[in-house]
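Working notes, structure below.
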Amino acid sequence: MRKTQGFTLIELMIVVAIIAILAAIALPQYQGYVSKAQLGAALADIRPGKTTMESVAQDSRDASIVDANYIGLSVTTRCPIIDAELAADGVGTITCTMEGNSAVDGRDLVLRRTIDGTWTCDASAFDAEIRPSGCTGS
C-alpha cells in the first residue's frame, strides 16, 4: 500500500484557526497604531499656526484678522476643517476637525492659547491610548 503525502483536513483547520487568532490580536493593535499616527500627523499640521498667532497676540494687532489662512494653515487630508480664532485679550484656539478612521473621524484636536501666552493641546475627544504626548484629556 502506498503512503499518501499531504495535509489532512484537521491539520489545515488547525492552521486556519491559528491564523484567525493571530489576526484577531493583531488587527486592533494595528488600528490603534494607525489612529495614533493620524492624530500625531494632524497635530503636526496645525502646530505651525501657533507662531503667527503668537506674533499677532504679542504685537497687539487686530485679533479679528486671525483665521486659518492668515496664520498659514491650509486644509489637509487629516484636517479638512481648520478653524483659528483669537480674542482681543489674547485667548485663542486652533482647531482641527479630523478625518480618518473611526477613532478620529469628526473629532476635534484643539491648541489653546491662554491670556498669559501659554499653549495647551486638548485631545479630550480621543481615547487616552492614542493621544499625542503633551496633549491633555481635559
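Taken over segment 37-63, residues that are of a type in the set (D, E), in a helix (DSSP H, G or I) and either free of Cβ contacts under 8 Å to residues at least 12 places away in the same chain or surrounded by fewer than 17 Cβ atoms within 10 Å (Cβ to Cβ) (or both) amount to 0.
Is there any pair linking a residue in segment 6-22 that is without any contact (Cβ under 8 Å) to a residue 24 or more places away in the chain to one that is surrounded by 10 or more Cβ atoms within 10 Å (Cβ to Cβ) and part of a helix (DSSP H, G or I), with Cβ under 9 Å and at least six apart or on different chains, and which? From segment 6-22, the pairs are F7/V15.
Just need a number here: residues in segment 1-36 that are of a type in the set (K, R) and assigned to a helix (DSSP H, G or I).
1
Of everything in segment 118-130, what is in contact (Cβ under 8 Å) with a residue 60 or more places away in the chain and closer than 15 Å to R47 by Cα? Give them in sequence order. Result: W119, C121, A123.
Can you confirm whether S133 is without any contact (Cβ under 8 Å) to a residue 12 or more places away in the chain, at negative phi and not basic (K, R)?
Details: without any contact (Cβ under 8 Å) to a residue 12 or more places away in the chain: yes; at negative phi: yes; not basic (K, R): yes.
It is true that S133 is without any contact (Cβ under 8 Å) to a residue 12 or more places away in the chain, at negative phi and not basic (K, R).
Looking across D105, D127, D122, one residue alone is of a type in the set (D, E), within 30 Å of Q29 (Cα to Cα) and buried (at least 18 other Cβ atoms within 10 Å of the Cβ). It is D122. Taking first residues from segment 84-107 that are free of Cβ contacts under 8 Å to residues at least 24 places away in the same chain and part of a loop (DSSP other than H, G, I, E, B) and partners that are among the basic types (K, R) and surrounded by 15 or more Cβ atoms within 10 Å (Cβ to Cβ), the Cβ contacts under 8 Å between residues at least 6 apart in sequence or on separate chains come to E99/R78. Annotation for segment 25-36: at least one member residue is in contact (Cβ under 8 Å) with a residue 40 or more places away in the chain, buried (at least 16 other Cβ atoms within 10 Å of the Cβ), out of contact with any strand residue (DSSP E or B) (no Cβ under 8 Å at 6 or more places or on another chain) and on the phi < 0 side of the Ramachandran plot.
Values quoted throughout were computed directly from the atomic coordinates according to the rules given, and no laboratory measurement underlies them. It should be emphasised that the depicted structure is a prediction, and the values quoted were computed from it without experimental measurement. We place every Cβ from the backbone using ideal geometry, glycine too, and count neighbours over all the protein chains shown.
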